[in-house]
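Structure first, then comments.
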Amino acid sequence: MQKFSGFRTGFRGRAARKQDKKRRFVNCRLRIVCRNGYFYHKYSAEAMIAVKFRFRDHISRTLLRTALMAVLLPAATHGADAIPESPGSVQDSSRIYNNLGIDSYQSGNFEQAEYFFKRELDIKRRELGAMSSDMVSTYSNLGAVSRRLNNSTEAMQYYDTAAHIGIMHYGNDHRWLGAVYQNQANLLREQGDFARAHTYYDNALRIFIMNDLHGNIGTLYNNKGIALERSGDLANAKNYYLQAIEIRREFDPDRLYLPLLNLANCHAASGDTVAADEYYRLAVDAAADLWGSGHINLAPALMNYGIFLVSDSVEPARGFEKLMRALEIYRSQDGDKGPHLSMNLLNIGYYYEVTGNREAALQYYQESLVANSTTFSSADPRVHPGDDDHVFAGDIAINSLRHKALAFYNMSYNGNRREMLEESLLTFQAAIALIERMRTGYHSEESRMILAANEHEVFMHALHVSEKLYRLTGERKFLETAFSFSERSKASGLLASIRNIEARAFGGVPEELIAEEQSLSRRLAAYRELIHEEQRLPEPDNGKILLWQERIFSLEKELLSLINRLEEEYPGYHALKYNPETIPVDKAMGGLGSRDAMVSYVYNDSVVHIFALTNRDARFWSVPTGNQVEGYLDRMLEVLSGGNIERNVTEDFNTFFESSRFFYRLLLERVIEFTGSRRLIIVPDGILSYLPFELLLTSDSGLGGNNYRILPYLLRDLPVSYSYSATLWKESRRKSTLSGRRVLAMAPGYEYSEGSAGETASSRQYYRDKLVPLPGAREEAMKVAALMEGKVLLDNEATEDRFKQIAGEFDLLHFAMHTLIDDDNPMFSKLVFADTGTGTGREDGLLNTYEIYNLELNAGLAVLSSCRSGYGTINRGEGVMSLARGFLYAGVPSIVMTHWEIEDKSGAEIMIGFYRYLLRGHRKDEALRRARIDFIENADLLRSHPYFWGAYVCIGDPDRLFGSFRHYYPVVTFVLFTLLIIFAVWRGFFFGKRTA
């Protein structure tokens, strides 16, 4: 077959090609230019029609469509049987409908496209069978149409069917399957399930690479960039867009406008307005030249350029003009419904908001909500979509509600202050209800965390409005509402994961299904770790990575299928798993003892909201930070990290003193005035999670002496513990007392063959190939096991495999070992067990966070006496992503962890003291406080530096693990007194009777 020599000549010769097409139609000979060339087929004596095509608009699609419709529409409207019979008529008839469907789809007439594709499906199903290989393309096309018609559930079902048939006929690596997976990834991306979307993208990429499909790879890079951009990863998104541009320049220059547009969005989001404007111009020009001035594919370029011009105050009027042009196109194609139309209406509303016309803004925000739902139709801005209203795109609906709430808030300054603030609050509550509904649809914790980070701002605005109403009215209900927002904004992903464990245990799920879910999760974790480690190599094996990505994809599909089955067949499991309730302020107060107080912080750059609770009262206030928190915290942590404790002594001391006093005045001075000497349970937020509150200085005494031992640390006055949220603190108290005290203490042996480790020999944080022996850790583990009557695993006995076998049998777990912290991906931070070098391949001696998530532990306390075990990146709305978090997920209610690297010998001393105080019946926070005070009192001037003793903190349930005789004094006294009275009464009665 002859190939078309003018293939991909860009925009040159368009007029000549149009004239050529007209001539061919007049002669009734149609040649269709497509990606693989062209051909024609004689259908009857009267006409020549195309049987396979991929039209470009610049080949006069209007003429082609007119010819096709003239020949085929009478037959299509009277059913498949009306198409003239001819040799191979079944195949030809289905192809006719396929061509009409594709043409209608590319023209933007999606209802008509759906009709034609369904007619094609009917013919194939009747004549070829339901599982024919020819059905793959039809189901895939129906999935694409359903997606454009905003029926995401039906679209995913069509794609799943296409994939199932494709695998059955072609195996796992056929190019058709890659296209189906990419479409499914796009659908998941639009639903906000980014983690699953990336899994589908990676598997599609594997297939495209294997089949050398460069054009498809360019499209995939563009789509994957969109997912990364929407999840907040702008740097990686830009890289993917640039790769997409390079590929399309070579293989598909006509569609350069899409990655150009997305790259413009990325530059706009990162603040590079000059580059953004340039790329927007290129994208709009390319789309208009390719598709024409009124085509649906031009509308996204106009809309995005328009909102850029409005948002960055570049040229608001010109931006508004582009938004209105896009609106006209969307309405002509989508009618009154659709996510793209909804987004455009939202952007127009924002234009009116920034130009001061808030009434018009409210109307457009409301129109955006109506366009985004098949069931919601109210034009009243005070009415919001409810739980039963279906929305096409949840993230757009949340943004519409957020902007509507902010418009009400801004209108509160113009009068009717309370009324407008309450409308704003109700609107934010509707947005948060939608966020929580979306959260229940995500099975991946990673997707839940991305949602929490992206929508954290909604909670912050809602809390701010609640505070305004609380200050305005003094009504306690607004304090309660604000506390509820605070709780729902914190560690929601961790809470959902912990409730998932409880749902498995108490939801009536058979043990064999629980075991199957755990097995799939463990295998997924193993493959993710293999990929992570391979990618860190100087020359990673891409073949291995592609193979493992395929395994991950298959396992995730198995796991999702199993989870869906559990949720459908076991309603108790579903109810427990998706319980969205957080603890109200009254119950949080009721859970506190008379000597306890809880302080919950909500942080952003300019203000800190503070909730202080006792068992009798609750207070709520905000403190402006002056944008100084990050600077003070960085300087303080630099001193505490101990890098130069023998140099710049005076400067470091003064820095620590100044920073510590700043934070005490900002965060605790007013709290202590309210709570007095009560024990503190701190619920930090954002970067405050890195702050060791017990090291804050309560007064200015000690300044100028360079003597850390005499400083007035908060630690001297009262114990401090921490929690991710008040709700998690309440739930962590399930195991407040243990039935036994068996401890498993582990101290692996390490070999170091590169000579002396010098000054750093005492640190437990090293690269894997430079891990030094830890004699202090070995002694620590032995003494802890002796104190607690437990088991100790030393040197080569302390293996990962052995730990996993027996960990569930113990009440306490103690890890005295190295850690490897992965700052880029904390889920791959590791506890380093012994490397026995047996070569069995079962375990590698590195227990990462993913693996900890999949353990079943029964311990009431895990002590991570290793470097930076509580350190990790901050995920907005979730807190610190650390190794310690993994143990909470695995069911351990209390963790002792470290904020920074710890010195070997001092760590051993503090830990031994901690266990001694535990055995005497002290609470965990009190035992840790006393052990550290003992260390300070006995340390020399150098070792009194907080680097040596300040890293340890207690997170989770702070209550005692064991009783003590002193703890039972009141009970014993009461019993003895009662017995004495009974004896006295009995003796008086007995002797009185004898005398009588």
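The values are calculated or read from the model by the stated rules, or taken from the named source; none is laboratory data. If you're wondering where the values come from, they're calculated on a predicted model, not measured in any experiment. Every residue, glycine among them, receives a Cβ derived from its backbone with ideal geometry; neighbour counts consider all protein chains shown. Remember, those area values only see protein heavy atoms, side chains included, never the ligands or the DNA or RNA. Shrake-Rupley method; radii C 1.70, N 1.55, O 1.52, S 1.80 Å.
Table: residues versus (1) out of contact with any Lys or Arg (no Cβ under 8 Å at 6 or more places or on another chain); (2) open to solvent by less than 30 Å² (accessible area, probe 1.4 Å); (3) closer than 28 Å to LEU188 by Cβ.
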| position | (1), (2), (3) |
| --- | --- |
| ASN414 | yes, no, no |
| GLU422 | yes, no, no |
| ALA431 | no, yes, yes |
| ILE435 | yes, yes, yes |
| ALA452 | no, yes, yes |
| ARG471 | yes, no, no |
| ARG476 | yes, no, no |
| ALA491 | yes, yes, yes |
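So for region 197-209 (the condition being surrounded by 23 or more Cβ atoms within 10 Å (Cβ to Cβ), under 19 Å from LEU282 (Cβ atoms) and touching a Ser or Thr at 6+ places or on another chain (Cβ under 9 Å)), does at least one residue qualify? The answer is no; no qualifying residue exists.
For every residue, the table says whether it meets (1) surrounded by 23 or more Cβ atoms within 10 Å (Cβ to Cβ); (2) among the acidic types (Asp, Glu); (3) in a helix (DSSP H, G or I).
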| residue | (1), (2), (3) |
| --- | --- |
| LEU263 | yes, no, yes |
| GLU278 | no, yes, yes |
| ALA283 | yes, no, yes |
| ALA301 | yes, no, yes |
| GLU321 | no, yes, yes |
| ALA326 | yes, no, yes |
| ASP336 | no, yes, no |
| LEU341 | yes, no, yes |
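Looking at region 473-512, which of the residues that are part of a loop (DSSP other than H, G, I, E, B) and closer than 23 Å to GLY686 by Cβ is modelled with the lowest pLDDT? Applying the filter and picking the extreme gives ALA491. For region 111-138, taking the residues that are touching a residue at least 40 places away in the same chain (Cβ under 8 Å) and part of a helix (DSSP H, G or I), the one that is surrounded by the fewest Cβ atoms within 10 Å (Cβ to Cβ) is identified as ASP122.
Inspect all residues belonging to region 165-176 and state whether any of them is of a type in the set (D, E, K, R) and more than 21 Å from SER561 (Cβ to Cβ).
Checked region 165-176: at least one residue is of a type in the set (D, E, K, R) and more than 21 Å from SER561 (Cβ to Cβ).
Looking only at residues of region 382-412 that are among the small types (Gly, Ala, Ser) and within 19 Å of LEU451 (Cα to Cα), we find that the one that is surrounded by the most Cβ atoms within 10 Å (Cβ to Cβ) is SER400. Residue-level analysis places ARG325 outside the set of residues that are free of Cβ contacts under 8 Å to residues at least 12 places away in the same chain and either outside the structural domain of LEU434 (by the TED database) or under 21 Å from VAL284 (Cβ atoms) (or both). Does region 903-923 contain any residue that is within 18 Å of GLU779 (Cβ to Cβ), within 33 Å of the chain's Cα centre (by Cα) and surrounded by 23 or more Cβ atoms within 10 Å (Cβ to Cβ)? No, that holds for no residue.
When region 218-246 is filtered for residues that are over 24 Å from ALA452 (Cβ atoms) and polar (S, T, N, Q), the ones remaining, listed by number, are THR219, ASN222, ASN239, GLN243. Listed by first and then second residue, the pairs with beta-carbon distance under 6 Å, at least 6 apart or on different chains, first residue in region 492-515 and over 15 Å from PHE887 (Cα atoms), second surrounded by fewer than 19 Cβ atoms within 10 Å (Cβ to Cβ) and of a type outside the set (Phe, Trp, Tyr), are ARG504/ILE514; GLY507/GLY572; GLY508/GLY572.
Considering region 512-549, the residues that are among the hydroxyl-bearing types (Ser, Thr, Tyr) and open to solvent by 30 Å² or more (accessible area, probe 1.4 Å) include one that is nearest to ALA890 (Cα to Cα), namely SER519. Is region 416-427 home to any residue that is assigned to a helix (DSSP H, G or I), β-branched (Val, Ile, Thr) and modelled with pLDDT of 90 or more? Taking every residue of region 416-427 in turn, at least one turns out to be assigned to a helix (DSSP H, G or I), β-branched (Val, Ile, Thr) and modelled with pLDDT of 90 or more. Scanning region 358-377 for residues that are within 18 Å of SER424 (Cβ to Cβ) and free of Cβ contacts under 8 Å to residues at least 24 places away in the same chain yields GLU359, ALA360, GLN363, TYR364.
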